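Undergrad: Mind looking over this structure? Questions follow.
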Amino acid sequence: MGLYKNALGVVVPGVNKRSVVLCAALGAAAGKTSDGMNIFASMGPAEWKKAEALVPITHVTVAAEARSLYAEATIRTRQSHVRAVIKETHDRISKIEAYPFSKDNFQLPAPNAFLRSLTLRHMLAFAQNIPGGRLDFLDETVEINRSLMKKGLEMGYGKAAAYLEAADSAAARAQLAVGAASWARMAGVPLPAATATGSGNQGITLSLTIDAAALFFNSTKEQMLRALALGHLVNLLAKSYIGSLAPVCSSGIASGAGAAAAVAWLLGGTEAAILGSIQNMLGGIGGMLCDGAKEGCAHKAALAAYAAVTAAYLSIAGCHVAARDGVCSGDIHGLFENMRRVIFDGMGSTNETLLSVMTQKQTIL
């Protein structure tokens, strides 16, 4: 259900169309496992033609009972059929069944046990002490998302928000960079996005917020990459609690929290100040709804970027939301556990309601 909600309103990269059915047909007609999450990289006119030919016989329904990321695909021919299930993360195949035989495989161990054994101190030690050369691959992710940002600056959000350049603060730079890149991504610009936990918007929010802050602070590339490593670890931990497709915006809750922690580290923050920056994020925009992927996500991602830098500055100055307040906690695990309880215990029907609202609007069907 959550995956359907996120696919309903977003523009398919490479074609100016919004269609869940076309996406399903495209996977059947032209998907290549070797492309991984970058499946649009090898799509050309021939692949789109094959997909469009399959649209009339492709059917998509909503798995209303699914509470986390879930996708089930079945292909039937006169001779056989095959069924595959993806659960929990975008690339975790949990089941494959093929007629005339049936086989359950790819039962990957969930990463939660390891992640939840890590404290914030462990994360800081890793980010600060890992040999610098092992983080070089993260620089490529920043460059990928910068390309989206440059394209987005020429589009709707970038032109409308150009006034932010005059503010010339780390927060304003991050807001403009993230908003522009997210707008381009959601508008279907045929460029790849470097993801975080499988999400382009989360990867954009995390990498470009930290990049913008590092540039503003005149940080070295190594400092930026170490900050990005810390941000990814916080993001991963958050997602292990709140799931892949929560009814709240993960660009704010998870990637925004990771970005805030990274910026606080770049500012020389202590462990307590870094935790305080995360408390500021969840105590501030923790309830921001996820109502599906579309251009409007740029506003949420941009808000998360601005809030992340502000959260870090405030915490460094000794101002953060107290552990006793709302969803906050004096411990990073307690903080995300409280958020998990709010999402799964308190917002159980939110995705259903949002999807109902979205599907009733004929303009996007």
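Undergrad: For residues that are surrounded by fewer than 17 Cβ atoms within 10 Å (Cβ to Cβ) and small (G, A, S), scanning just the stretch 109-146, find the one that is farthest from A261 (Cα to Cα).
TA: Selected residue: A110.
Undergrad: Has the stretch 226-245 got at least one residue that is open to solvent by 30 Å² or more (accessible area, probe 1.4 Å), charged (D, E, K, R) and under 28 Å from L354 (Cβ atoms)?
TA: Checked against the condition, which is being open to solvent by 30 Å² or more (accessible area, probe 1.4 Å), charged (D, E, K, R) and under 28 Å from L354 (Cβ atoms), the stretch 226-245 yields no hits at all.
Undergrad: Okay, moving on. Please verify whether L303 is within 25 Å of A167 (Cα to Cα), out of contact with any Lys or Arg (no Cβ under 8 Å at 6 or more places or on another chain) and either part of a helix (DSSP H, G or I) or not acidic (D, E) (or both), treating the condition exactly as stated. Step through it out loud before you land on a result.
TA: On the way: within 25 Å of A167 (Cα to Cα): yes; out of contact with any Lys or Arg (no Cβ under 8 Å at 6 or more places or on another chain): yes; either part of a helix (DSSP H, G or I) or not acidic (D, E) (or both): yes.
Judged against the criteria, L303 is a match.
Undergrad: Follow-up question, since we're still on this one. Hey, can you tell me all the residues within the stretch 204-246 that are in a loop (DSSP other than H, G, I, E, B) and closer than 21 Å to I332 by Cα? It would help to see each step written out before you state the result.
TA: From the stretch 204-246, those in a loop (DSSP other than H, G, I, E, B) are 217-220, 243-246; that's our starting set.
Across the stretch 204-246, the qualifying residues are G243, S244, L245, A246.
Undergrad: Report every pair of residues separated by at least 6 positions or lying on different chains whose Cβ atoms are under 9 Å apart, first residue within the stretch 159-174 and at negative phi, second at pLDDT below 90 and not small (G, A, S).
TA: Pairs found: A172/E165; R173/E165.
Undergrad: I'd like to verify a number: residues in the stretch 178-194 that are open to solvent by 10 Å² or more (accessible area, probe 1.4 Å), out of contact with any Pro (no Cβ under 9 Å at 6 or more places or on another chain) and assigned to a helix (DSSP H, G or I), how many?
TA: Total satisfying the criteria: 2.
Undergrad: Moving on to the next point. Of all residues being among the aliphatic types (A, V, I, L, M) and assigned to a helix (DSSP H, G or I) in the stretch 153-173, which is surrounded by the fewest Cβ atoms within 10 Å (Cβ to Cβ)? Just the residue, please.
TA: In this case the residue turns out to be A166.
Undergrad: Is it the case that the stretch 287-297 has a residue that's touching a residue at least 12 places away in the same chain (Cβ under 8 Å) and in a helix (DSSP H, G or I)?
TA: Yes, the stretch 287-297 contains a residue that is touching a residue at least 12 places away in the same chain (Cβ under 8 Å) and in a helix (DSSP H, G or I).
Undergrad: For L245, indicate whether it is at pLDDT below 95, in contact with a helix residue (DSSP H, G or I) (Cβ under 6 Å, 6 or more places away or on another chain) and either farther than 17 Å from A127 by Cα or not charged (D, E, K, R) (or both).
TA: Values: at pLDDT below 95: yes; in contact with a helix residue (DSSP H, G or I) (Cβ under 6 Å, 6 or more places away or on another chain): yes; either farther than 17 Å from A127 by Cα or not charged (D, E, K, R) (or both): yes.
Yes.
The values are calculated or read from the model by the stated rules, or taken from the named source; none is laboratory data. Just so you know, these numbers come straight off a predicted model, no measurement behind them. Neighbour counts run over all protein chains shown; Cβ positions are idealised from the backbone, glycine included. Side chains included, ligands, DNA and RNA excluded: accessible areas come from the protein's heavy atoms. Shrake-Rupley method; radii C 1.70, N 1.55, O 1.52, S 1.80 Å.
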